[in-house]
Amino acid sequence: MTRLASSGTSSVVDLSARIFDRLGIDSVQEAMTPRDHPLRSGSGFPANDYCDRRSIQFVVRTDYNGGPMPHRPHSSLLEETVAIVGVGLIGGSLAAALRQRKATCRVIGVGRDSSRLALAKKAGLIDDGFTDIASVVRLANMIVFCTPVERIAEGVREALSGSPTDPSLLITDAGSVKGPICKALADVPNFIGAHPIAGSHRHGFEAADGQLFEGKVCVITPNSSTAQDQVHRLERFWQSIGMNTVTMAPDEHDRTLAMTSHLPHVVAAALAGTLTPDKRFFTGTGFRDTTRIAAGDPALWSGVLLQNSEYVVAGIDAVQNRLESIRLALTLGNTAILQQLLEEGRAKREALNP
């Protein structure tokens, strides 16, 4: 493994951007573009105050060659018993993925509704269901919190509130915001943050998909005191269900995912919110595809956006600047500027294709 860090030099920023391209999160380039880059100068395209103050830390394989990231072979799963707290779409899909890849792994579901856990067990996703998280600690080798992000830190504390914890127990999560969670649990040596970048606008374990994580990226966010062998253990866990793993600082994760995950939901919701009833009949695939993720659970997404509000607001500013540039080009009737802006968007979208 090689750890790369950006100090703001253009060569490292370019390298970072290329690697992010390979990970399928190309839109972060917008936030990384230097202030004096040609795309930011002239033609009424405003610069963003925060865009040239970035530092990026992540891990890439030493055999990285600049080409498309190959599919990582499945690692063997070392965990004999995995407890999943929150058996919804993500938790249910994780359970299904474990079922498909290692039938001997015992999967325990933890939740607040015993009837839902019973249904998840009947569906074959979990072996047992518990409503008391503290009672599960002594049973599991690993606990994965798949609850809403605002409840994860509290849930971990509750889990550890009982009898002394086995030092070998590894606790992680699947939350899409990492900074607040990792900060709140910085004194918990058993915890390492993680974010499998996979999901759907659907919810509930009824929508569980054992292939949901296949070929996707999982970001792991250890702190400076995390034992490296535990980081490798967590990497192997996510790799065992088909994911590629990347290590980033929690704050850098939140800055990046604000642009590539959280902001798209805001934009989709804003666009969908402009639709009036008399226009519904005229919506085609363009409108429906663009606003698909706006169908996500509002309660879940409110928690995500509020937990990462600083970087989401910065992302909204970036989109507003881009919209203002397009608006200005239209107002001035400037075809060249308009085509340039549209071409930049087209090229970046095309770069996401494999």
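Take every Cα pair under 8 Å in segment 84-199 that's 6+ residues apart, average their separations, divide by the length, and report that relative contact order as a whole percent. Intermediate results must be reported in sequence, preceding the final value.
On the way: 183 pairs, mean separation 26.1, N = 116.
About 23 percent, as a whole number.
Count the net charge of all other residues whose Cβ sits under 15 Å from the Cβ of residue 187, scoring Lys and Arg as +1 and Asp and Glu as -1.
Residues near residue 187 contribute +1 overall.
What's the long-distance tail for segment 81-247, i.e. % of Cα pairs beyond 26 Å?
18
Could you line up 233, 138 from fewest to most neighbouring Cβ atoms inside 10 Å? Let's see the in-between values first.
On the way: 233 18, 138 12.
Placing the least packed residue first, the sequence is 138, 233.
By a straight-distance test (C-alpha under 21 Å), which lysines pair with residue 122 as possible cross-link partners, with residues fewer than eight away in the same chain excluded?
102
What is the distance, in nm, between label points placed 7 Å from the Cα along the Cα-to-Cβ direction at residue 236 and at residue 112?
Taking the two extended label points, one gets 3.6 nm.
Taking 7 Å along the Cα-to-C-beta vector as the label spot, tell me the residue 352-residue 128 distance in nanometres, rounded to one decimal.
4.3
How much net charge surrounds residue 230 when only the other residues with a Cβ under 15 Å from the Cβ of residue 230 are counted, with Lys and Arg +1 and Asp and Glu -1?
In short, -3.
Given the pairs 121/279; 279/348; 121/183, which are separated by over 32 angstrom at their Cα positions? Write out the running numbers ahead of the final one.
Values: 121/279 44 Å; 279/348 30 Å; 121/183 34 Å.
Correct reply: 121/279; 121/183.
Measuring from the lowest to the highest alpha carbon on each principal axis, how far does segment 190-311 reach, largest first, in angstroms?
59, 33, 22
Please give the contour-minus-distance gain from residue 183 to residue 157: 0.36 nm per residue of separation, less the Cα-Cα distance, rounded to one decimal in nm.
8.1 nm
For segment 280-285, what does the Karplus curve 6.51 cos²θ - 1.76 cosθ + 1.60, with θ = phi - 60°, yield as ³J(HN,Hα) per residue in whole Hz, taken in order and with x for Gly and Pro?
4, 4, 9, 7, x, 5
For residue 194, enumerate residues with amide H under 5 Å from its amide H, sequence gap 5+ or separate chain, H modeled in the peptide plane.
Result for residue 194 returns 173, 175, 221.
Hey, can you rank 215-228, 279-292 by average C-beta count inside 10 Å, highest first?
215-228, 279-292
What ranking do 303-310, 241-248, 162-169 get when scored by the average of other Cβ atoms within 10 Å per residue, highest first?
Order by mean packing, descending: 241-248, 303-310, 162-169.
Can you tell me how segment 174-242 classifies by the Cα gyration tensor, rounded, prolate or oblate, using a/c under 1.5 as the rounded cut? Each step should come with its number before you reach the end.
Values: a/c = 2.75, a/b = 1.60, b/c = 1.72.
Oblate shape, in that a/c is at least 1.5 and b/c is the bigger or equal ratio.
Can you tell me which of 126-136, 172-182 comes out highest on packing, and rank the rest after it, using the mean Cβ neighbours within 10 Å?
With the highest mean Cβ count within 10 Å placed first, the list reads 172-182, 126-136.
Tell me the label-point distance for the pair residue 292, residue 80, using the 7 Å Cα-to-Cβ offset, in nm and rounded to one decimal.
That separation, rounded to one decimal, is 4.2 nm.
For 80, 214, 350, which order do you get if you count the other beta carbons within 10 Å of each Cβ and list the fewest first?
Values: 80 12, 214 15, 350 9.
Placing the least packed residue first, the sequence is 350, 80, 214.
Since every read-out is calculated from the coordinates, none of them should be taken as a lab result. From a predicted model like this one, the values you see are computed outputs, not experimental measurements. Positions of Cβ are generated from backbone atoms using ideal geometry, with glycine treated the same way; all protein chains shown enter the neighbour counts.
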